[in-house]
Amino acid sequence: MKKVLTIAGSDCSGGAGVQADLKTIIAHKCYGMSVITALTAQNTTGVYGIEACSVDFVKNQMDCVFTDIFPDAVKIGMVSSIEIIEAIAQKLKEYKPKNIVVDPVMVATSGSKLLNDDAINKLLNELMPLATVITPNLFEAEILCGFQIKSIEDMVKAAKKIAENYDGHILIKGGHLEDNANDLLFSNGIIHWFEGEKIENPNTHGTGCTLSSAIASNLALGYNAEESIRNSKEYITGALKAKLDLGKGSGPLNHCY
């Protein structure tokens, strides 16, 4: 059985974060493990509190995983401080896992900001260079490239700008575009589009977490980056089409549809 580690925050309502990641990993028949970076008090209506884990405890969790059940892929989600980013980067350099997927979580689907301003540069300079694939949504890509993204042409320009500081695969998710849900993969100067249908479903809590952990699971299973992204897009489309409807706000996906 392939093993996948998620390094992310906890979502007590189960729709995003570590909980969404573990459900996704299990749905891909991989063995899921977690290093929790922060506890969040959140539900389908928003984020109501964040308590970060101590740096030493994050390191302790990573040591326990890597020295016993070494992962075939690692997904990194919410990292709320400079110190935690530095700790994760240090341990990844120490253990050198393959197949690292970084979901640069800066803004929740609900619009709540999840990353401290001073941590963004550290994320860019410390964690992203270690990644096999990064998966920013349009809002996160705007932060990474420094300008607004309103069209597919803007997505291409943004990918090229981000690629000035990053050598891996860049997947810019177009789910927030008005007329389509096409995603752009930029790899070694080559542009590849993944067409996605707009699914009429207001329940999208945890879609970014789910996609990135699906990509990590596919990489662990031996697929290349392009295949992993295509498989993961199909998986998340199915999870959205299942039309699970829980909670008063933007509800979670059906990870085991």
Given backbone amide H placed at 1.01 Å from N, residues whose amide H is under 5 Å from that of VAL79, ignoring those fewer than 5 places away on the same chain, are VAL105
The stretch 116-150 and the stretch 8-79 have their Cα centres apart by a whole-number Å value of 20
For LYS93, counting only aspartates and glutamates whose alpha-carbon sits under 19 Å away and dropping same-chain residues fewer than eight positions off, the answer is ASP56, ASP63, ASP68, ASP72, GLU83, ASP103, GLU126, ASP167
For ALA242, placing the label point 7 angstrom along Cα-to-beta-carbon and taking the stretch 1-28, residues whose amide nitrogen sits under 19 Å are 11-28
Checked the stretch 134-257 with the C-alpha gyration tensor, a ≥ b ≥ c its square-rooted eigenvalues, rounded below a/c of 1.5, otherwise prolate if a/b is larger than b/c and oblate if not; verdict oblate
Gyration tensor on Cα atoms of the chain, a ≥ b ≥ c root eigenvalues, a/c under 1.5 rounded, else prolate if a/b beats b/c, else oblate, says rounded
The pairs in LYS122/LYS161; LYS160/LYS241; LYS91/LYS173; LYS23/LYS150; LYS198/LYS243; LYS3/LYS59 lying past 21 Å Cα-Cα in this model are LYS160/LYS241; LYS91/LYS173; LYS23/LYS150
Rounded to the nearest 0.05, FRET efficiency between GLN148 and CYS12 (Cβ-Cβ, R0 30 Å) equals 0.35
Length-normalised contact order of the chain, Cα under 8 Å, at least 6 apart, in percent, tallies to 20
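Only the coordinates and a few stated rules stand behind these numbers; no lab work does. Only a predicted model underlies this, so the values are computations on that prediction, with no experimental measurement involved. Don't worry about glycine lacking a Cβ; one is built from the backbone with ideal geometry, like all the others, and counts go over all protein chains shown.
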